[in-house]
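Notes to accompany the following structure.
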Amino acid sequence: MWRSCLRLRDGGRRLLNRPRSGLTASEGLGRKPPIPFRAYVPPAERKKFYQNVSISQGEGGFEINLDHRKLRTPQGKLFTVPSEALAIAVATEWDSQQDTIKMYTMHLTTLCNTSLDNPTQRDKDQLIRAAVKFLDTDTVCYRVEEPETLVELQRNEWDPVISWAERRYGVEIGSSTSITGPSIPARTREVLVSHLASYNMWALQGIEFVVTQLKSLVLTLGLMDLHLTVEQAVLLSRLEEEYQIQKWGNIEWAHDYELQELRARTAAGTLFVHLCSESTAIKHKLLQG
């Protein structure tokens, strides 16, 4: 039953069909001070002020145009992205807005703003360390001791993912029922730090975003290496919640909304990473496996 729960329900589901994003943004037309947090807090909805969305190539990359106005970041910088594919995806978010602009649905725009403004002023090494630190509390590494049905469920669903990661990167991860979590070897951290260092700063912003959504570096790595689908990773990250829902039922509409939002954020973050990575680099990572 749980295996079938983790299958992708719609074989043709594509990440670009889920441009629900949100985290930063400001329509980019006025200068706003950075917020000292992981990412921007989305502003309140505002009336849509443009009719047409287009992209153009400038000296620094690809730009987004709202009618004849250039999109800007919350700090007033010109909104410029490194690839045409990412620009098209962001433009799609803006074009899909109806009567009001809902920044909390525009995750790709938010991730771009965070990459451009870097409100927390972190460098590449700090982003990598923040992502790797999640190993200490990784969702798939923490196990319950009872009830036996949940113990078995965690073992059956999470162990294969951990085993894949250990083979893929040649490291030891393991799991634990201790409140302090598993003891992660220093070499494991070093190997994963080295692997993440192969990504550029933009991609690392996306990786950390996905890690915080799933509360798991292991599941995020599975997503980036195309070992897991977005739906599989999300359901694996919510395994205990799904178990409780199966047992006790769920609050009408609330569970579905929460699940869809998590899928949307995870899908957007994963898409962002791939659109910010060189295709040759992605191929190289996959060949290493």
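The values are calculated or read from the model by the stated rules, or taken from the named source; none is laboratory data. Since we're looking at a predicted model, the values are computed, not measured. Cβ coordinates were reconstructed from backbone atoms using ideal geometry, including for glycine residues, and neighbour counts include every protein chain displayed. Calculation scope for accessible area: heavy atoms of the full protein, side chains included, ligands and nucleic acids excluded. Shrake-Rupley method; radii C 1.70, N 1.55, O 1.52, S 1.80 Å.
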Review point. Under 5 Å between amide H atoms, partner at least 5 residues away or on a different chain: which partners does F62 have, H built in plane at 1.01 Å?
Key: V81, S83
Review point. Pairs K48/K124; K124/K215; K215/K247; K48/K215: which are spaced more than 31 Å apart, C-alpha to C-alpha?
Key: K48/K124; K48/K215
Exercise for review: Send over the per residue convex hull volume for region 53-117, Cα only, as a whole number of Å³.
Suggested key: 82
Point to revise | ³J(HN,Hα) computed for each position of region 179-186 - Karplus, 6.51 cos²θ - 1.76 cosθ + 1.60, integer Hz, glycine/proline x | key: 5, 7, x, x, 8, 8, x, 4
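Going from most exposed to least, what order do Y142, Y169, Y257 have by accessible area with a 1.4 Å probe?
On the way: Y142 70, Y169 25, Y257 130 Å².
The ordering from most to least exposed comes out as Y257, Y142, Y169.
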**Study point:** Where only alpha carbons of region 124-287 are counted, the Rg and the Dmax (Å)
**Key:** 15.9, 47
Check your understanding: By the scheme Lys and Arg +1, Asp and Glu -1, what is the net charge of all other residues having a beta-carbon under 13 Å from that of A91?
Key -> -4
Review point. Ordered by residue, what ³J(HN,Hα) values in Hz, to whole numbers, does region 65-78 give under the Karplus form 6.51 cos²θ - 1.76 cosθ + 1.60, where θ = phi - 60° and Gly and Pro are x?
Key: 10, 9, 6, 10, 10, 7, 5, 10, 7, x, 8, x, 6, 5
Review point. Whose amide H sits under 5 Å from the amide H of I55, counting only residues 5 or more places off or on another chain, with H placed in the peptide plane?
Key: N65
Study note, to complete from the structure: Sequence order, region 107-120: Karplus ³J(HN,Hα) from phi using 6.51 cos²θ - 1.76 cosθ + 1.60, θ = phi - 60°, Hz rounded, Gly and Pro as x, gives 5, 5, 4, 4, 5, 5, 4, 5, 5, 6, 8, 6, x, 8
Review point. Which value, in Å² rounded to 10, gives the accessible area of H227 with a 1.4 Å probe and all protein chains present?
Key: 80
